[in-house]
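First the structure, in the form of structure tokens, and then the observations on it.
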Amino acid sequence: MPTTTERAVLRDALTRALRAPSEHNAQPWRWVLGRDHLDLFVDRTRRLRFTDERGHGVLLGCGCALHHLRVALADRGWHASVRHQPEDLSGRPLARVRIRPATGEPDPWAHRHAAAIDRRHTDRRRFSGRSVPTTVMQSLDDAARPHGGVLHLAFGTHRALVAEAMAEAAERQPRQEGYVEELEHWTHRYAGAHDGIPAHARLDGPPPSYRDLVLRWFPPGTLRQPRGGADRRDASVLAILTAVDDSPVSVLRAGEALSAVLLEATAQGLGSTPITQVLGVSQTRERLRHLVGAHRPPVCVLRLGWPEPLGEPLRPTPRRPLEQVLTEVE
Ligand SMILES: Cc1cc2nc3c(=O)[nH]c(=O)nc-3n(C[C@H](O)[C@H](O)[C@H](O)COP(=O)(O)O)c2cc1C
């Protein structure tokens, strides 16, 4: 049975893990705090049936939440041992977490990543013309690897092919059954909803395209492009995050890798946009898989760049309160 202290530690870490990113901000996680462990479940009612046909998005979102939880625990001096389990129809959890006070060397990532949790936001605006050094990209790959993720940089011809596939997906996906209705649902939530993509996170102008990149179209919101920037050139780079394989455990772990990359990018001052539209369309997904090779399935494309210094600060998107996602079993 977790002691009163452990329960308080877990509740505190879970509160911080609520800030994890998820596709359309659907927050597809559910936690159960039991007698001697914490369980993570997928909330299937929050699956994007038409946008994410294969159900990878929910696993990635849950993986991000799990990584945020671990980081928050480590930051407070607790070690989490996590058992990942393949999901099955008997309602088993995706992961089971037990904690104990950390001993030995402190986790070198924990503090900087924990400090980045509240500063990380998806940024869909133009980034500055300052280029992102390869050494920085290398450090993001280093953050992904302990979780089984690998970050493949897309430069030159590779980038052009990824950009082409993204443009095709942006064209095709809105024609797929149910996609537009799902997008409407998650961008026009009822007053008081604590999920979805609010107007302040959506650009106020036409569909964004930066150099050769076409991003997912969202209904126009109120977010303005930064005014500054002498040449108005977006020097963002693209990277493809891959998983070990397509199994649910691997995709869940890739979600942890995605969180690690996003938090490390934030810690270094980079802005980021996770991009999965290109993986939501079978034709473009296959092209990306072929491009990466190495028998590792791509799970997310990342756009990374330095924010324009004169851009307005991004506001946090909403999250459901802890009581809505946590059940405590005495
Ligand atoms: C698995 C995953 C896929 C996502 N796909 C996209 C995408 O294709 N385009 C996009 O603009 N944002 C995408 N996002 C960003 C989410 O919309 C964003 O995380 C969510 O709205 C919460 O906002 P925040 O990241 O600012 O906290 C994705 C995020 C995750 C975790």
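The values are calculated or read from the model by the stated rules, or taken from the named source; none is laboratory data. These numbers were taken from a predicted model, which means no experiment stands behind them. When we count neighbours, we look across all protein chains shown, and the Cβ atoms used for this are built from the backbone with ideal geometry, even at glycine.
Table for the structure above
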{"read-out": "Residue within segment 216-224 that is farther than 19 Å from Arg145 by Cα, within 15 Å of the ligand (Cβ to nearest atom), β-branched (Val, Ile, Thr) and at pLDDT 95 or above present", "value": "yes"}
{"read-out": "Verdict on Pro248 being over 13 Å from the mean Cα position of the chain (by Cα) and not aliphatic (A, V, I, L, M)", "value": "yes"}
{"read-out": "Which numbered condition Arg70 fails, given (1) away from the ligand (no atom under 16 Å from the Cβ); (2) of a type in the set (Lys, Arg); (3) not in a helix (DSSP H, G or I)", "value": "(3)"}
{"read-out": "All positions within segment 178-210 that are modelled with pLDDT of 95 or more and closer than 26 Å to His290 by Cα", "value": "Tyr179"}
{"read-out": "Residue identified as under 27 Å from Glu6 (Cα atoms), within 16 Å of the ligand (Cβ to nearest atom) and either within 16 Å of the chain's Cα centre (by Cα) or of a type in the set (Ser, Thr, Tyr) (or both) among Leu94, Leu48, Leu40, Leu60", "value": "Leu60"}
{"read-out": "Some residue of segment 271-278 being within 12 Å of the ligand (Cβ to nearest atom), in contact (Cβ under 8 Å) with a residue 40 or more places away in the chain and in a helix (DSSP H, G or I)", "value": "yes"}
{"read-out": "Residue within segment 91-104 that is without any contact (Cβ under 8 Å) to a residue 12 or more places away in the chain and basic (Lys, Arg) present", "value": "yes"}
{"read-out": "Selected residue (criterion: nearest to the chain's Cα centre (by Cα)) from residues of segment 15-37 that are within 12 Å of the ligand (Cβ to nearest atom) and part of a helix (DSSP H, G or I)", "value": "Glu23"}
{"read-out": "From the options Gly91, Gly156, Gly104, Gly149, residue that is exposed (fewer than 14 other Cβ atoms within 10 Å of the Cβ) and not assigned by TED's automatic domain parsing to the domain that holds Leu33", "value": "Gly156"}
{"read-out": "Considering residues of segment 213-263 that are of a type in the set (Asp, Glu) and farther than 23 Å from Cys64 by Cα only, the residue surrounded by the most Cβ atoms within 10 Å (Cβ to Cβ)", "value": "Asp234"}
{"read-out": "Any chance Ala265 is part of a helix (DSSP H, G or I), in contact with a Ser or Thr (Cβ under 9 Å, 6 or more places away or on another chain) and within 10 Å of the ligand (Cβ to nearest atom)", "value": "no"}
{"read-out": "Selection count where residues are aliphatic (A, V, I, L, M), under 20 Å from Ile275 (Cβ atoms) and either without any contact (Cβ under 8 Å) to a residue 12 or more places away in the chain or outside any loop (DSSP other than H, G, I, E, B) (or both), scope segment 38-61", "value": "3"}
{"read-out": "Residue in segment 189-208 that is surrounded by 15 or more Cβ atoms within 10 Å (Cβ to Cβ), of a type in the set (Asp, Glu) and assigned to a helix (DSSP H, G or I) present", "value": "no"}
